[in-house]
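The structure under discussion appears below in the form of structure tokens.
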Amino acid sequence: MIGIIDYGLGNLRSVAGAVRKLGYPVEISADPARLAAADKLILPGVGAFGDGMRNLTTRGLIEPLADMVMKQGKPVLGICLGFQLIAEESEEFGRHRGLGWIPGRVQRIQPGEKGLRVPHVGWNDFTARRDCILFDGVPADALFYYVHSYHLVANDNEIVGTCDYGGPIVAAVQRGNVFGTQFHPEKSQRHGLAVLKNFLERA
Amino acid sequence: MLRKRVVTVLTLNDGTLFRTKLFRPDYRYTINFVDAWSIDEIVILDVTRENADREKFLNVVATFAAECFVPISVGGGIRSLDDVQRYMAAGGDKVVVNTGALERPELITEIAEAYGAQCVVLSIDARKTDTGYEVMGAFGARPAGKDPADWAREAEKLGAGEIMITSIERDGALQGYDLELTKRVVDAVGVPVLTLGGAGNWKHMADAFKDAGVSAACTQNIYHFTETSIASAKKYLAGKGIEVRA
């Protein structure tokens, strides 16, 4: 069973629908016991960083999730805000501590070129920096759907790939069992579903 | 590089896909279209005027969302965070606000704080006046006493993540977008702008990208809804040097 972490924010239904479409049983839950029973976890996300962390805290999920992910090594995929929450801290609406599952900070996008608008919304490229099972079999020219105003600044060795928006924006990271994508695989049609399938099958 | 978007807007009246040329609704056909071909994003709006049965509308949204793996923006009648929660639960990835934000601008901020600015699309309906343009609320019926560019700027400050500008005169006219209106809004804000109302051919879409600088061109008419026409629109745009997703 795939556990989708319900922290009161985010397009949970979209993510659950995509997982189901790929043929996996799925459960949306905020109950640590149910999530512990899952083979893999997805931390989806639409929303603000501070709200996300506060909701995870009030639902008593921070410690149990850290235990599952960091101690037991349960595979987890963070998507969009979920991808940012796995970092150490964010500057969105003030300074907030993140889950800290990978080193990194979340900052506002500062497009370098004129005419680039924030939020970064729409279909953009993915340029691989290193091999990662998430992108096995995904064509190099695949486009993915991004929608975000903040981006993750991560260490080089955890960056799987980037997209270009006034400079490189980290599009995917991996550190052991912790995976994350800034783009929405559940909203990126067939290539997005392929990324999700790789996580579900092979992570 | 970020691609320019071609967005389809679906308007539902009392749970039925509403078209200006009264075809019978066929959701299955639409769903197939949406996922199989290269539409970049979908906007679904409830335009029911009176006694709207939101459950009916949200059921249609949910039907779409179950088989749809591109982003869906949902709107029509949103007045509160509770409404947003219901629209998102039905499968929306973003919400579209219009009259609700005119009545109570802080609604934009409330949504942005709870869901992030990227979740809020402010829709502006505008009509031409003797001196410029005027924002209209309540399905284009009620003058809001605002200039569209000013309202767009204010909405951006309040937390809107995207602006969708619609020319009331051009809606359904197939004579092209109102590029002057669109450009005024594009120049007023730093967030992406979508334009709607008036697309009759692919050149109109190219004009909106090249001359008005929009991030997305929206089409509403159902005749765009065929495999060949979407593909040919994108081919045409690519031929004009506009970066689109194939």
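Summing charges over neighbours of A:Gly161, with a neighbour being any other residue whose Cβ is under 15 Å away from its Cβ, gives -4 when K and R count +1 and D and E count -1. Evaluated with a Cβ-only charge set (Lys, Arg +1; Asp, Glu -1), the stretch A:75-203 carries a dipole of roughly 200 debye about its Cα centre, given to the nearest 20.
Each DSSP beta bridge with both residues in chain B is either parallel or antiparallel, and the antiparallel ones are about 20%. Given +1 at the Cβ of Lys and Arg, -1 at the Cβ of Asp and Glu and no other charges, the dipole of the protein assembly as shown around its Cα centre is 700 debye to the nearest 20. Rounded to the nearest 20, the Cβ-based charge dipole of chain B about its Cα centre (Lys and Arg +1, Asp and Glu -1) stands at 740 debye. Structure remark: mean-square fluctuation, Gaussian network model of chain B, C-alpha springs under 10 Å; the largest value among B:Ser80, B:Ser123, B:Ser167 belongs to B:Ser80. Translational diffusion of the stretch A:146-188 was estimated from the Stokes-Einstein equation, with Rh taken as the Kirkwood radius over Cα pairs; at 37 °C and 0.692 mPa s the coefficient is 302 µm²/s. Considering only B:Gly161, B:Gly15, B:Gly190, the Gaussian network model of chain B with Cα springs below 10 Å gives its largest mean-square fluctuation to B:Gly190.
Taking every C-alpha pair closer than 8 Å and separated by at least 6 residues, the mean separation divided by the residue count of chain B gives a relative contact order of 18 percent.
Rounded to the nearest 500, the helix-only mean residue ellipticity at 222 nm of chain B stands at -11000 deg cm²/dmol, with each DSSP H run of n ≥ 4 adding -39,500 (n - 2.57).
Size descriptor for the protein assembly as shown, Kirkwood hydrodynamic radius: 21.9 Å (Cα pairs only, one decimal). Across the stretch A:176-190, rounded Karplus estimates of 3J(HN,Hα) from the backbone phi angles (6.51 cos²θ - 1.76 cosθ + 1.60, θ = phi - 60°) give x, 7, 9, 10, x, 10, 6, 6, 9, x, 6, 10, 10, 6, 5 Hz, Gly and Pro being marked x. The Cβ shell under 11 Å around A:Ala38 holds other residues with a net charge of 0, Lys and Arg each +1, Asp and Glu each -1.
3J(HN,Hα) along the stretch B:90-106, derived from phi through the Karplus expression 6.51 cos²θ - 1.76 cosθ + 1.60 where θ = phi - 60°, amounts to 6, x, x, 9, 9, 10, 10, 10, 9, 4, x, 6, 5, 5, 8, x, 5 Hz, with x in place of Gly and Pro.
Applying the Karplus relation 6.51 cos²θ - 1.76 cosθ + 1.60 with θ = phi - 60° to the stretch A:12-17 yields 3J(HN,Hα) values of 4, 5, 4, 5, 4, x Hz, where x marks Gly and Pro. Of B:Glu50, A:Glu201, B:Glu110, the sequence from fewest to most neighbouring Cβ atoms within 10 angstrom is B:Glu50, A:Glu201, B:Glu110.
Counting Cβ atoms of other protein chains within 10 Å of each residue's Cβ and taking the mean over peptide B:169-175 gives 0.
The coefficient of translational diffusion for the stretch A:50-191, derived via Stokes-Einstein from the alpha carbon Kirkwood radius under 4 °C and 1.567 mPa s, stands at 84 µm²/s. Shielding of peptide B:111-124 by partners, expressed as the average count of other chain Cβ atoms within 10 Å per residue Cβ, is 5. Each of B:Thr129, B:Thr166, B:Ala233 was scored by the projection of its Cα onto the charge dipole of the stretch B:104-246, and the greatest displacement toward the positive side belongs to B:Ala233; charges sit on the C-beta of Lys, Arg, Asp and Glu. Across chain B, Cα-Cα distances exceeding 31 Å account for 16% of all pairs. Annotation: amide H of B:Leu12 within the under-5 Å range of B:Phe18, B:Leu45, B:Asp46, B:Val47, sequence separation 5 or more or interchain, hydrogens built in the peptide plane.
Close amide-amide hydrogen proximity is noted between A:Tyr150 and A:Ile109, each under 5 Å apart and 5 or more residues distant or on a separate chain (H modeled in the peptide plane; Pro and chain starts excluded).
Pick from B:Ala141, B:Ala52, B:Ala117: which is most flexible by mean-square fluctuation in a GNM of chain B where alpha carbon atoms under 10 Å apart are linked? Maximum fluctuation in the GNM of chain B, among the listed residues, is at B:Ala141.
Based on DSSP, what percent of beta bridges with both residues in the protein assembly as shown are antiparallel, to the nearest 5? Of the beta bridges lying entirely in the protein assembly as shown, close to 40 percent run antiparallel.
Since every read-out is calculated from the coordinates, none of them should be taken as a lab result. As the structure is a computational prediction, the values presented were derived from the model and not from experiment. Please note: Cβ atoms are built from the backbone with ideal geometry, for glycine as well, and neighbour counts cover all protein chains shown.
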